[in-house]
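Throughout, read-outs are computed from the coordinates displayed, never taken from laboratory work. Nothing here was measured: the structure is a model prediction, and the numbers come from that model. Reconstructed Cβ throughout: ideal geometry from the backbone, glycine too, with neighbour counts over all protein chains shown.
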Amino acid sequence: MTTFEGTTIIMVRHNGQVAVCGDGQVSLGPTIIKGTARKIRRLNQDKVVCGFAGATADAMAIMERFEEHLSQYGGQLVRAAVELAKTWRTDKSLRRLEAVMLVCDATSMLLISGSGDVLEPDGPALATGSGGNYALAAARAMIKHSPQMSAPDIAREAIAIASEICVYTNDNISMEVLECRK
């Protein structure tokens, strides 16, 4: 799976909420082009949250296709994700698009990639992008050692920590939060 430079996205499911956080940095090689990008979107009448890493136009095209699949399958997140992955992998016009999406609803969190991956994490956090591993490690530590923290606080702090380590991640954070079901 590809790791993209210039993006960190994390999802944290904890204490009845799922928080999706993204940094705001867009880089072109070693140059910061923009520091205030918003890489998190709400879909399906605000019931689904999507975060994306990769080429912006590619990510937007994939997100539009995902929205179509959500509509086609009545908002069923897993079914829409599997259909998107199949389409992404087999459609000649989509096959070359370079992006990774993290999506969630009140019950599921998934990573979807152009390699045909639809992955659900074993634990309560999922991340992607150049600072994704740093944010994921920080979130796991906070969940384990500070269980009283809220999902939004954990996600925000995880991105902040990643921004101190990864040169392709900044601390201009955007976030969306969903109430979740156990």
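Details
- Note on segment 17-177: dipole from Cβ charges, positive end direction compared against Gln72, Ile143, Val177; the farthest Cα belongs to Gln72.
- Coarse-grained scattering of segment 17-177 at q = 0.17 Å⁻¹, given as base-10 log I(q)/I(0) from a Debye sum over alpha-carbon atoms: -1.00
- The H on the amide N of His14, modeled in the peptide plane, is under 5 Å from the matching H of Ala19, Ala151, each at least 5 residues off or on a different chain.
- GNM result for the chain, Cα springs below 10 Å: residue of Met11, Met149, Met109 fluctuating most strongly: Met149
- Dipole of the chain, positive end: most advanced residue of Cys104, Tyr168, Ser130 [Cβ charges, Cα centre]: Cys104
- The mean sequence distance of close C-alpha pairs (under 8 Å, at least 6 residues apart), as a share of the length of the chain, puts its relative contact order at 34 percent.
- Between segment 69-117 and segment 10-29, the Cα center-to-center distance that results, in Å: 18
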